[in-house]
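Before I ask anything, let me first share the structure, which is written out below as structure tokens.
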Amino acid sequence: MISLKFPDGSARDFESGVTGRDVAESIAKSLAKKAVAMEVDGQLRDLYEPIKQDAEIRIITRDDPDALSLIRHDAAHVMAEAVQELYPGTQVTIGPVIDNGFYYDFARDEPFTPDDLPKIEAKMREIINRDSPFSYQVMERDAAKKMFRDMGEAYKIELIDAIPEGDDIKIYSQREWFDLCRGPHMTSTGKVGKGFKLLKIAGAYWRGDSNNPMLQRIYGTAWASEDDLKAYLHQLEEAEKRDHRRLGREMDLFHFQEEAPGAVFWHAKGWALFQALIGYMRRRQNDWGYVEVNSPDMMERTLWEQSGHWEKFAENMYIAETPDDRVFCCKPMNCPGHVQIFKHGLKSYRDLPLRIAEFGKVHRYEPSGALHGLLRVRHFTQDDAHIFCTEDQITEECVKLNEQMLSIYRDFGFEDVRIKFSDRPEKRVGADAVWDKAEAALKRAVEAAGLSYELNPGEGAFYGPKLEYVLRDAIGREWQCGTIQVDLNMPERLGAFYIGTDGEKAAPVMIHRAMFGSLERFTGILIEHHAGHLPLWLAPTQAVVATIVSDADDYAEKVLARLKEAGLRAEADLRNEKINYKVREHSMAKVPVLLVAGKREAEEGTVSVRRLGSQKQEVMSLDAAVQTLVDEAVPPDLREHSKAA
Ligand SMILES: [Zn+2]
Ligand SMILES: [Zn+2]
């Protein structure tokens, strides 16, 4: 007999070899009917797999969130069967589950076309309607290889060879179709349901290596219900409309080119936006008692050896040799530089906490396939800061940091923020007592703010625990931006100390924190969150004065001068074009306000104010229009101040 423990804490004895299906049946017929898989000691398993020892068990029904990955994996198998049925001679290779869906890589001489996708979907529906049970058998290694060789499935042989000796070679079948697979799967193809769709075809090298043959990858998405699928497809469509790479082009913000992969060419307008972000953060940091510094972009290898980066991070670093035979590294992080600044001049406990901030540009080599517009670059600017403090100051600093973090996100229109808390990993440095203190400090920081957080056990850095802030954008996507990390290691490693109250040397604690994270990435997120309709204080061009007739040119110049005097980022459009043409063009460039000037406005000293996305025009006196814009363009942090004052 074995003892199985249920989620409610109760336990019952069963015959050894009992299946999840039997267990479900013993609880309730209705549960057995709904069960699609089980979780045994935290791992998803096939419902019909025999359980041979004491375990914690949970029956998984199709509507359980954990069933989603099974739905996607089952859908992948169904797609592979459909493809092989429709296009005989196609070889299947691998087909994993990914975020929001799945893919399969196929080897076929003829290319798939978008027209093939609906055909494959129709065949998939047929297979799903057949509702064939999934089952598996464990095969002997050589027999499995021979079987696949006879079928002409060359890639499978390589895959079997990659399975470690001693591991089972499992073959999953649905009717006559089968594939090499680790599993698990749900009970039958019918469980995939109707909430799936094939999305696109892409090329992919076998095993991601460009020396290998190019395969054809078909991507699909699958959800528990058709409604969930619909919501996801809508989100994709919205994301497409908001793509910051396209908006960046239309708004003339930046570009990339082949000679500088992963590096941004900021155009004047994009740079204005970037500087607005820096200006905002600089003001807030000054209020919070930071000092701003700037550390060298390149420092000698020896320093990176001391910091541990040379050993742990070398493959991501840009390295240069100089004619005098010295080796320099472009900084991938600002921390070691800040420790050098801390070490300059003797520090005592009275100097702590010392908060050092830098808009430091860091350089990290990333594979070119990983690069993605502003969201993933090789050269980026962090709003980085390091707080050097005593162990007793950790809590207070973290509580403050957490409040600051949330207030910043609010100012940018992100109200929905999730926090992930990663605690001590198995491999770590530092005494447990200090870890206790650091973890307790971070926990208190989020609890003090009345926030719930999600625990990532064991996921902290080797030098300390961390908080990660995840923002939800206007279309429900999540972006990880800020982090707070409590570091019990680096200051000591780099020889930093302060003189404590007892007159003895002590190593400071170092809190690493970034709020935007990467300014490049944050800019990309902001563009997509606002779909280019940035609030006035961030808009690169805040207003354009557009003339209707050339008679109004002089007046338009006067209006422009007034706007600039008032500190607004403005331009004039005096081209000899129809006003509708001008409106269209500036709307495309997401200019928030158009001040239209014709003969009548010139005579009366007024402007017609036209807002982005609205058909309405409001005639205002020039003074009133300028004042309205000036008020609206005040950054949110200064607005609060003026309210308080
Ligand atoms: Zn599989
Ligand atoms: Zn750091």
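Which condition number in (1) at pLDDT 95 or above; (2) open to solvent by 10 Å² or more (accessible area, probe 1.4 Å) is the one that Ala543 fails?
(2)
Filter the stretch 29-41 for residues that are of a type in the set (Gly, Ala, Ser) and open to solvent by less than 30 Å² (accessible area, probe 1.4 Å) and give the result.
Listed by number, the residues that qualify are Ala32, Ala35, Ala37.
Moving on to the next point. Every residue in the stretch 355-387 that is open to solvent by 40 Å² or more (accessible area, probe 1.4 Å) and in contact with a helix residue (DSSP H, G or I) (Cβ under 7 Å, 6 or more places away or on another chain), please.
Arg364, Tyr365, Arg376
Hey, another quick one. Would you call Tyr498 away from ligand 2 (no atom under 13 Å from the Cβ), touching a Leu at 6+ places or on another chain (Cβ under 7 Å) and either under 12 Å from Thr390 (Cα atoms) or at pLDDT below 95 (or both)?
yes
Is there a residue being modelled with pLDDT of 95 or more, open to solvent by 60 Å² or more (accessible area, probe 1.4 Å) and more than 16 Å from ligand 1 (Cβ to nearest atom) anywhere in the stretch 178-195?
Checking the stretch 178-195: at least one residue is modelled with pLDDT of 95 or more, open to solvent by 60 Å² or more (accessible area, probe 1.4 Å) and more than 16 Å from ligand 1 (Cβ to nearest atom).
So is Arg245 more than 23 Å from Tyr103 (Cβ to Cβ), modelled with pLDDT of 95 or more and part of a helix (DSSP H, G or I) or not?
no
What pairs can you find where one residue is in the stretch 167-190 and closer than 16 Å to Ala37 by Cα and away from ligand 2 (no atom under 16 Å from the Cβ), the other is among the hydrophobic types (A, V, I, L, M, F, W, C) and open to solvent by 30 Å² or more (accessible area, probe 1.4 Å), and their Cβ atoms are less than 7 Å apart, with a gap of 6+ or different chains?
So the pair list comes out as Tyr172/Phe178; Pro184/Leu44.
Separate question: Pairs needed: first member in the stretch 522-550, of a type in the set (Asp, Glu); second member anywhere, surrounded by fewer than 22 Cβ atoms within 10 Å (Cβ to Cβ); C-beta distance under 6 Å; at least 6 residues apart or different chains.
Note: pairs meeting the criteria are Glu528/Arg242.
I'd like the full set of residues that are surrounded by 14 or more Cβ atoms within 10 Å (Cβ to Cβ) and either in a helix (DSSP H, G or I) or under 36 Å from the mean Cα position of the chain (by Cα) (or both), limited to the stretch 137-153.
Arg141, Ala144, Lys145, Met147, Phe148
Now for a separate question. I need the full set of residues from the stretch 301-337 which are within 14 Å of ligand 2 (Cβ to nearest atom) and touching a residue at least 60 places away in the same chain (Cβ under 8 Å), in order please.
Hits for the stretch 301-337 are Ser307, Gly308, Cys335, Pro336.
Run Thr381 past the list (1) of a type in the set (S, T, N, Q); (2) more than 16 Å from Gly517 (Cβ to Cβ); (3) under 27 Å from the mean Cα position of the chain (by Cα) and report the number of the one that doesn't hold.
Evaluating Thr381 over (1) of a type in the set (S, T, N, Q); (2) more than 16 Å from Gly517 (Cβ to Cβ); (3) under 27 Å from the mean Cα position of the chain (by Cα) leaves (2) as the failure.
Can you tell me which condition Thr90 does not meet? The list is (1) more than 23 Å from Asp131 (Cα to Cα); (2) within 15 Å of ligand 1 (Cβ to nearest atom); (3) over 28 Å from the mean Cα position of the chain (by Cα), and all the others hold.
(2)
Okay, moving on. Any chance the stretch 519-535 includes a residue that's open to solvent by less than 20 Å² (accessible area, probe 1.4 Å) and in a strand (DSSP E or B)?
no
Quickly run through the stretch 300-337 and pick out the residues that are at positive phi and open to solvent by 90 Å² or more (accessible area, probe 1.4 Å).
Listed by number, the list holds a single entry, Asp325.
Something else: Can you pull out the residues in the stretch 64-82 that are of a type outside the set (Asp, Glu) and away from ligand 1 (no atom under 14 Å from the Cβ)?
Across the stretch 64-82, the qualifying residues are Pro65, Ala67, Leu68, Ala82.
Moving on. Give me a count of the residues in the stretch 90-106 that are in contact (Cβ under 8 Å) with a residue 24 or more places away in the chain and more than 16 Å from Lys200 (Cα to Cα).
4
Given the criterion away from ligand 2 (no atom under 16 Å from the Cβ) and under 20 Å from Leu199 (Cα atoms), identify the matching residue among Gln84, Gln53, Gln43.
From the options Gln84, Gln53, Gln43, the qualifying one is Gln84.
Among the residues in the stretch 56-69, are any at pLDDT 95 or above, assigned to a strand (DSSP E or B) and over 23 Å from Tyr172 (Cβ atoms)?
The answer is yes; a qualifying residue exists.
Only one of Pro118, Pro96, Pro164 is out of contact with any strand residue (DSSP E or B) (no Cβ under 9 Å at 6 or more places or on another chain) and open to solvent by less than 80 Å² (accessible area, probe 1.4 Å). Can you tell me which?
When all the criteria are applied, what remains is Pro164.
Can you name every residue in the stretch 388-405 that is of a type in the set (A, V, I, L, M) and crowded, with 20+ Cβ neighbours inside 10 Å?
The answer is Ile394, Leu401, Met405.
Going residue by residue through the stretch 199-214, is there one that turns out to be open to solvent by less than 30 Å² (accessible area, probe 1.4 Å) and away from ligand 1 (no atom under 15 Å from the Cβ)?
Checking the stretch 199-214: at least one residue is open to solvent by less than 30 Å² (accessible area, probe 1.4 Å) and away from ligand 1 (no atom under 15 Å from the Cβ).
Would you mind telling me which numbered condition in (1) within 29 Å of Gly220 (Cβ to Cβ); (2) among the aliphatic types (A, V, I, L, M); (3) touching an Asp or Glu at 6+ places or on another chain (Cβ under 8 Å); (4) open to solvent by less than 30 Å² (accessible area, probe 1.4 Å) Leu44 fails?
It fails just one condition, (4).
The values are calculated or read from the model by the stated rules, or taken from the named source; none is laboratory data. Please read these numbers as outputs of a predicted model, since none were measured by experiment. With ideal geometry, Cβ positions are generated from the backbone for all residues, glycine too; neighbour counts draw on all protein chains shown. Please note that ligands, DNA and RNA were not included when accessible areas were found on the heavy atoms of the full protein model with its side chains. Shrake-Rupley method; radii C 1.70, N 1.55, O 1.52, S 1.80 Å.
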